[in-house]
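Data block below; observations after.
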2 protein chains.
Amino acid sequence: MTQVTAADVKELRERTGAAVMDCKGALAEAGGDMDKAVELLRVKGQASAAKRSGRTTSEGVVASYIHANAKVGVLVEVQCETDFVARSDEFQDFAREVAIHIAGSPWPPQVVSADEISEADREAERKVFEAKAKEDGKPDNVVERIVEGQLQKWAKEVALLEQEHVRSDRYEGKTIEDLRAAIASQTGENVRIARFARFVVGQE
Amino acid sequence: MTQVTAADVKELRERTGAAVMDCKGALAEAGGDMDKAVELLRVKGQASAAKRSGRTTSEGVVASYIHANAKVGVLVEVQCETDFVARSDEFQDFAREVAIHIAGSPWPPQVVSADEISEADREAERKVFEAKAKEDGKPDNVVERIVEGQLQKWAKEVALLEQEHVRSDRYEGKTIEDLRAAIASQTGENVRIARFARFVVGQE
């Protein structure tokens, strides 16, 4: 039987965020091979994330963040499955970090996920991109492809989950979805950003 | 010339919230009669409030309040005319007290003022009241009057400005509009509650 050291378990935990028992199991199964253990946990993690994402989230917290001399304020509702997790520091920290991101983002998100963009908003945006592409003298047969690409990029920009957290020093390019998946994995619960509001003084 | 005492000025300030110079002036004009001075200030106050209410409010603050184990959260934008007033403690306190009210109100407001209720919402409510009145066997010729009365009452219940502040011990039945008028008078600026959001976990 493979010897699983505490140092290996620690390293694996840091790399994956998985629970101690899962790290031990994965290291044993991988015969002590760290990269293989990471891979095993990732596959398992995706399986359990898929299972989790269908589960009901009726608990959670509302977090707020007030920024820039009270000129910008954000309210966000983040849901999970149990009150136990809702009360935990790491879950509440996550909710707060999401609020901080929404307040500070230079491209304030308009929806939580890209599939919430209304057809009307998408069409309005499409018209702008089309007009621009034609103005630039692009031939008709490529306009559609260009516009589709721009629309996908735009949808990502306005969708909270697709955005990289503004605190790039702390989160190194991770998106809000990356952080959501991490806290879901860490708590073992389905975590869902339900909604948010962002007020800027004088910009109704 | 009438002798205006510091004690009278203090009492008049407490009763009206007017500025020291205005209190002195009103007491002198009223020949030292306290009730007459209150009346003078009230008339003057209404005149200046009417003047104020047309002025542009491009400054202000966003305030938040998180309640009940982070299960309820409120964001509110309150506007005024200058950044100087926006930064003042009394203005920020007012914004916070409005947020506290919205969070704690047993009848969560749906709009800032009654005239913002959409025609569709009003009609839906009218139908409910009509059905109820007919069910109660009220004769047709009085149903309309009853329903009108109930609609007016309902509009007041869902409009933030019409509600009595939940902290009844502190505000003794004063409505949010009373408090708004008081801070407008105190600061000498047009003060406007622009918008609010209220999130309750699990109640989208």
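No value in this document is a laboratory result; all are computed from the given coordinates. It should be emphasised that the depicted structure is a prediction, and the values quoted were computed from it without experimental measurement. So basically every Cβ, Gly included, is an ideal-geometry build from the backbone, and we count neighbours across all protein chains shown.
All other residues whose Cβ lies under 13 angstrom from that of B:Glu81 are scored, Lys and Arg at +1 and Asp and Glu at -1, for a net of +2. Across region B:115-128, computed HN-Hα scalar couplings (Karplus, 6.51 cos²θ - 1.76 cosθ + 1.60, θ = phi - 60°) run 6, 8, 5, 6, 4, 5, 5, 5, 5, 4, 5, 4, 4, 4 Hz from first to last residue, x flagging Gly and Pro.
Once each part is reduced to its C-alpha centroid, what is the distance from region A:150-204 to region B:41-81 in angstrom? Taking the Cα centre of each part, region A:150-204 and region B:41-81 sit 30 Å apart.
The mean sequence distance of close C-alpha pairs (under 8 Å, at least 6 residues apart), as a share of the length of region A:100-204, puts its relative contact order at 31 percent. Across chain A, the mean sequence separation of Cα contacts (distance under 8 Å, 6 or more residues apart), normalised by length, yields a relative contact order of 24 percent. Return the long-range amide H neighbours of B:Lys174 (sequence gap of 5 or more, or a different chain), with a cut-off of under 5 Å between placed amide H atoms. Close amide H contacts, sequence-distant or interchain: B:His165.
Taking Cβ atoms as reference points and 11 Å as the exclusive limit, the residues near A:Glu29 contribute a net charge of 0, counting Lys and Arg as +1 and Asp and Glu as -1. Computed 3J(HN,Hα) for region A:48-62, one whole-Hz value per residue from the Karplus formula 6.51 cos²θ - 1.76 cosθ + 1.60 where θ = phi - 60°, is 6, 5, 5, 5, 4, 5, x, 7, 6, 10, 10, 10, x, 9, 10, glycine and proline marked x.
A P(r) calculated from all alpha carbon pairs of region B:83-143, with 5 Å bins opening at zero, reads 3, 14, 13, 13, 13, 13, 9, 7, 5, 4, 3, 1 percent. What Kirkwood hydrodynamic radius do you get for region A:81-188 when you take the inverse of the mean 1/r over all pairs of distinct Cα atoms, in Å? It is 15.9 Å. Pairs from the list B:Lys51/B:Lys153; A:Lys10/A:Lys36; B:Lys10/B:Lys36 with a Cα-Cα gap above 19 Å: B:Lys51/B:Lys153. Springs between Cα atoms under 10 Å define the GNM used for chain B, and in it the highest mean-square fluctuation of B:Asp115, B:Asp83, B:Asp169 occurs at B:Asp169.
Positive-end ranking of A:Ser88, A:Val62, A:Ala50 along the dipole of region A:47-101, with charges on Cβ about the Cα centre, is headed by A:Ala50.
From helices alone, chain A scores -17500 deg cm²/dmol at 222 nm; the rule is -39500 (n - 2.57) for each run of n ≥ 4 DSSP H residues, then divide by the residue total.
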